[in-house]
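Please treat every number below as a calculation from the coordinates, not as lab data. Keep in mind that what you see is a predicted model, and the values were worked out from it rather than measured. Here Cβ is always computed from backbone atoms with ideal geometry, including for glycine, and neighbour counts include all displayed protein chains.
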Amino acid sequence: MSNRTLQLSSELHDYLLSVGVRETSIQCRLREETALLREAGMQIAPEEGEFLALLVRLLNARNILEIGTFTGYSALSMALALPSGGRILTCDVNREWTDIARRYWQEAGVEERIELRLGPALDTLRNLKVRESLANHFDMVFIDADKDAYRDYYELALQLTRPGGLLVIDNTLWSGRVVDPAQTDPNTVAIRELNRHLHADARIDVCLVPIADGVTLAHKRQ
Ligand code: SAM
Ligand code: CA
C-alpha cells in the first residue's frame with residue numbers, strides 16, 4: 001500500500017498493460033509501424049490512449065479538437081470511443097506522418113469521423129475561433145504539439161472549449177525535467193510556465209495526472 005504515486009518497474013508496467021488496456025490489433029500495428037520511425041518517442045503510450053478513450057466516453061464527447069496528430073494513435077484511440085455522429089478535428093504540419101495516420105484510420109473505419117487540418121496549429125485555431133465561429137464548441141481538446149507554443153495553444157483552446165468541457169495537456173512532467181533547474185531550454189521553460197499558470201487559473205479546475213509523461217486535465221468552469 002502507498003499514499004504516493006508508484007514508480008512503475010518494467011514488470012509492473014507490463015502488468016498494467018495486460019489488465020488495464022484493451023488495445024485493438026490495428027492500434028497495436030500502428031504502434032509497431034511508428035516504432036520504426038526515428039521520432040517514435042513522440043507517440044502517446046497505450047495506457048494514455050485508453051485513458052483518452054475513457055475520457056471521451058465519460059464526457060459523452062461529440063466534438064473533439066486535437067493539436068498534434070503525428071501518426072494518428074491518439075486520434076484513433078479517441079475516434080474509436082466516439083458516439084455515432086462524433087467528430088475529431090486534428091491539426092499537424094507533417095504530411096508524411098499524417099499519411100500513416102490516415103491509412104490506419106481508414107483501416108479502422110473511423111476516417112469519416114476525423115478531419116485533418118495541415119498547417120501551423122496556431123493559424124488553424126485562430127481560424128476556428130474567428131472565421132468558423134467555433135468558440136465554446138468543443139467538448140474536449142487534446143494538446144500534444146510543439147511545447148514552446150503550449151501557452152498559446154492553451155489560451156485559444158480554452159476559448160474553443162465549451163463550459164464544462166475538458167482540456168487534456170500532454171507531457172506536463174516532461175521526463176522530470178520540469179524540476180531540474182539546469183534545464184533552461186525553451187520547451188522545458190514553456191511547460192514549467194504553463195503548469196504554474198494552470199495551477200493559478202481560476203477559469204478551470206485542474207489535476208496533473210502522473211500517467212505516461214504527465215497528463216494535465218483542465219476542466220473549464222461553467
Ligand atoms: N498525439 C500524437 C500521437 O498520439 O501519436 C503525437 C503528437 S507529436 C508529440 C507532436 C506533433 O505536433 C508532430 O506530429 C508535429 O508534426 C506536430 N507539430 C509540431 N509543430 C506544429 C505546429 N506548429 N502546428 C501543428 N502541428 C505541429
Ligand atoms: Ca506527447
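Can you tally the net charge around L166? Count Lys and Arg as +1, Asp and Glu as -1, for every other residue whose Cβ sits under 9 Å from the Cβ of L166. For residues surrounding L166, the net value is 0.
Please state, as a whole number in µm²/s, the translational diffusion coefficient that the Stokes-Einstein equation yields for region 7-51 at 4 °C and 1.567 mPa s, with Rh defined as the Kirkwood radius across alpha carbon pairs.
Values: Rh = 11.4 Å.
D, rounded to a whole number, is 114 µm²/s.
Only Cα pairs under 8 Å and 6+ residues apart enter the sum, and on that basis the relative contact order of region 86-222 stands at 21 percent.
Take the alpha-carbon centre of region 200-220, take the same for region 145-199, and report the distance between them in whole Å. A separation of 10 Å, based on Cα centres. With all projection directions averaged, the alpha carbon convex hull of region 81-207 covers 9.1 nm².
So if I take the centroid of the Cα atoms in region 1-56 and the same for region 108-142, what is the distance between those two points in Å? Computed from Cα coordinates, the inter-centre distance equals 26 Å. Our summary of shape: the Cα atoms of the chain have principal axis extents of 48, 41, 33 Å, ordered from largest down, in whole angstrom. Beta-bridge orientation, the chain: approximately 35 percent antiparallel, per DSSP, counting only bridges with both partners inside. Per-residue ellipticity at 222 nm computed for the chain from its helices equals -13000 deg cm²/dmol, with DSSP H segments shorter than 4 residues left out and the rest contributing -39,500 (n - 2.57).
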